[in-house]
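What follows is a set of notes on a single structure, which appears directly below.
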Amino acid sequence: MTRIVIDIQSVTKRFGDLTAVDGVSVSLVEGEFFALLGPSGCGKTTLLRVIAGFEDPDEGRVLLDGEDMTPLRANRRPINLMFQSYALFPHMNVRGNISYGLEMEGLPVSAIGERVDAILEMVQLNDLASRRPHQLSGGQKQRVALARALVKQPRVLLLDEPLGALDKKLREQMQLELKRLQHELGITFVVVTHDQEEALVMADRIALMKDGKIAQLDTPEDLYERPMSRFAAGFIGVTNLFEGKVAKAAVDLNELGRHAATTGAEPGKACALSIRPERLRLSTESRLDGHNAIQGDVAEIAYHGQDMNLMIRVLGRDDPITVRLSVSDDMATVMERGQAVWCNWRPEHGRVITE
Ligand SMILES: Nc1ncnc2c1ncn2[C@@H]1O[C@H](COP(=O)(O)OP(=O)(O)OP(=O)(O)O)[C@@H](O)[C@H]1O
Ligand SMILES: [Mg+2]
């Protein structure tokens, strides 16, 4: 059974002439890991602040367990917001930073001690409890900020770019750690990020935002495999977009010919075909059986360790096509600049987009 914890109903928030959040409706389910993803300025932080109660919506409302939260001030909501730039108290040690919120609540000292111990263990900071923030690494500070938010046992934890300050390796490690913590605690997490890979790794569902609106709300897999718009296809991962028109069980890609496809749209309608680089298969002799194909030649090869990205120049198209090839693929050994190739894809791996 899924239970709705937070119900955001037609929320609009304006700053003067600017509509930062534009009629957003979404329900957050108990215990889910929800990501808000989108380019800078699309309204992610504003939406989070509305949920937390730091901003009043101009229209719409936010319900918690079916009750309107609008009259509730931020500090009365069972919701905690971890800010984009978390600030630890520099003069307090790790334990002090974590227990501060509970002391403010007036909890008995023994109860505070127990809860802080449990959370220190959970974020693996037991050995560092008496250190001051300046004696910690970036990742350790991050964990203190997280512990400080979690120790108050909120129903919902909102995290604004929680991993933004960390380097790539630490980010990846913390992504898994956040997921583990969320799973252990069963708290609903809403994480804001503009890093699509991070959202794909961590979230159960992702709301992709654009200009204050939700452009697509889906599981990571559906968002990646079945983008509904050119924007979604381009924002999530790398893709090759081909402009054309819908035909009967096919798409017409102008100079690049007609190719079998599942369209679900009226023939004649303008569309784009999106094909991910890893879905394209290269061949040199001829087109592969059961595949659509476009001919071109290798313009550039970029190595990425396990994979290589090939830029394929195609007649009748300005941008090269990107093809990802595993270095263990037999084709990898024959690829060199100028090599003539077929770029093949199965019809079901081309996604037809009409928005
Ligand atoms: N207090 C404010 N007064 C006026 N405009 C604001 C205010 N807060 C946000 N905005 C504007 O609202 C829009 C959305 O801002 P918001 O901070 O929600 O974006 P964001 O998606 O979090 O971006 P980023 O990824 O850069 O953090 C932006 O155009 C921003 O300039
Ligand atoms: Mg922001």
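Please treat every number below as a calculation from the coordinates, not as lab data. Keep in mind that this is a model prediction, so the values were computed, not measured. With ideal geometry, Cβ positions are generated from the backbone for all residues, glycine too; neighbour counts draw on all protein chains shown.
What do you get for trypsin sites (Lys or Arg not before Pro) in segment 246-355 restricted to DSSP loop and a cutoff of at most 13 other Cβ within 10 Å of the site's Cβ?
For trypsin sites (Lys or Arg not before Pro) across segment 246-355 that sit outside H, G, I, E and B with at most 13 neighbouring Cβ atoms in 10 Å, the list reads 248, 269, 337.
Enter the angle in degrees (range 0 to 90, nearest 10) between the Cα long axis of helix 94-105 and the first principal axis of the Cα atoms of the chain, meaning the one along which they spread out most.
The angle comes out near 70 degrees.
Mind listing the phi-derived Karplus ³J(HN,Hα) values for segment 171-181, rounded to whole Hz, using 6.51, -1.76 and 1.60 with θ = phi - 60°, and x for any glycine or proline?
Calculated HN-Hα couplings, in order: 4, 5, 5, 5, 4, 5, 5, 4, 5, 4, 4 Hz.
Please list, by residue number, every one of the GluC sites (Glu not before Pro) in segment 274-316 that is coil in DSSP and has at most 16 other beta-carbon atoms within 10 Å.
Within segment 274-316, the qualifying GluC sites (Glu not before Pro) (loop, at most 16 other Cβ atoms within 10 Å) are 285.
Counting only Cα atoms, I'd like the Rg/Rh figure for the chain, Kirkwood definition for Rh. The partial results should precede the final answer.
On the way: Rg = 24.5 Å, Rh = 23.0 Å.
Ratio value, two decimals: 1.07.
For 304, 183, which order do you get if you count the other beta carbons within 10 Å of each Cβ and list the fewest first? The partial results should precede the final answer.
Details: 304 9, 183 12.
With the fewest neighbours first, 304, 183 line up as 304, 183.
Give me, ordered by chain and number, the residues 5 or more places off residue 77 or on other chains with an amide H under 5 Å from its own placed amide H.
Correct list: empty.
How much net charge surrounds residue 169 when only other residues with a Cβ under 15 Å from its Cβ are counted (Lys, Arg +1; Asp, Glu -1)? Intermediate values should be presented prior to the final figure.
Working: positive: 168, 171; negative: 167, 172, 177, 195, 197, 198.
Net charge around residue 169: -4.
Semi-axes of segment 1-106's equivalent ellipsoid from the Cα gyration tensor, sqrt of 5 times each eigenvalue, largest first, rounded to whole Å?
Details: eigenvalues 140, 67, 40 Å².
They are 26, 18, 14 Å, listed from largest to smallest.
Return the Cα extents of segment 191-317 along principal axes one, two and three, sorted largest first, each rounded to a whole Å.
Principal axes ranked by extent give 47, 43, 25 Å for the Cα atoms.
Tell me the mean residue ellipticity at 222 nm calculated for the chain from its helices only (DSSP H runs of n ≥ 4, each -39500 (n - 2.57), averaged over every residue, nearest 500). Provide the component values of the computation, followed by the final result.
Numbers: 9 runs with 90 residues, N = 355.
When only DSSP H runs of four or more count, the value is -7500 deg cm²/dmol.
May I ask you to derive the relative contact order of segment 272-355, considering only C-alpha pairs under 8 Å and at least 6 residues apart, and to give it as an integer percent? Intermediate results must be reported in sequence, preceding the final value.
Details: 165 pairs, mean separation 37.0, N = 84.
Normalised by residue count, the contact order of segment 272-355 is 44 percent.
With θ set to phi - 60°, apply the Karplus curve 6.51 cos²θ - 1.76 cosθ + 1.60 along segment 187-200 and write out the HN-Hα couplings as whole Hz, x wherever there is a Gly or Pro.
Once θ is set to phi - 60°, the couplings for segment 187-200 become 7, 6, 10, 10, 10, 8, 8, 10, 9, 5, 5, 4, 5, 5 Hz.
When the Cα centres of segment 1-61 and segment 295-318 are compared, how far apart do they sit, in Å?
One Cα centre to the other: 41 Å.
Mind listing the phi-derived Karplus ³J(HN,Hα) values for segment 316-333, rounded to whole Hz, using 6.51, -1.76 and 1.60 with θ = phi - 60°, and x for any glycine or proline?
Per-residue couplings from phi come out as x, 8, 6, 7, x, 8, 9, 10, 9, 10, 6, 5, 7, 5, 4, 4, 4, 6 Hz.
Using Cα-Cα distances under 8 Å and only pairs 6 or more residues apart, what relative contact order does the chain have, in percent? List each step's numbers first, then the result.
Values: 727 pairs, mean separation 55.2, N = 355.
Taking the mean separation of contacting Cα pairs over the length of the chain, I get 16 percent.
How do 161, 266 rank when sorted from fewest to most other Cβ atoms within 10 Å of their own Cβ?
Values: 161 19, 266 9.
Ranked by crowding around the Cβ, least crowded first: 266, 161.
Enter the Cα centre distance for the pair segment 98-160 and segment 170-238, rounded to the nearest angstrom.
Centre-to-centre (Cα) distance: 26 Å.
What's the exposure ranking of 197, 177, going from fewest to most Cβ atoms within 10 Å? List each step's numbers first, then the result.
Working: 197 14, 177 19.
Starting with the residue having the fewest Cβ neighbours, the order is 197, 177.
Among 194, 290, 78, flag the residue with its Cα farthest along the positive direction of the charge dipole of the chain, charges on Cβ as +1 for Lys/Arg and -1 for Asp/Glu.
78
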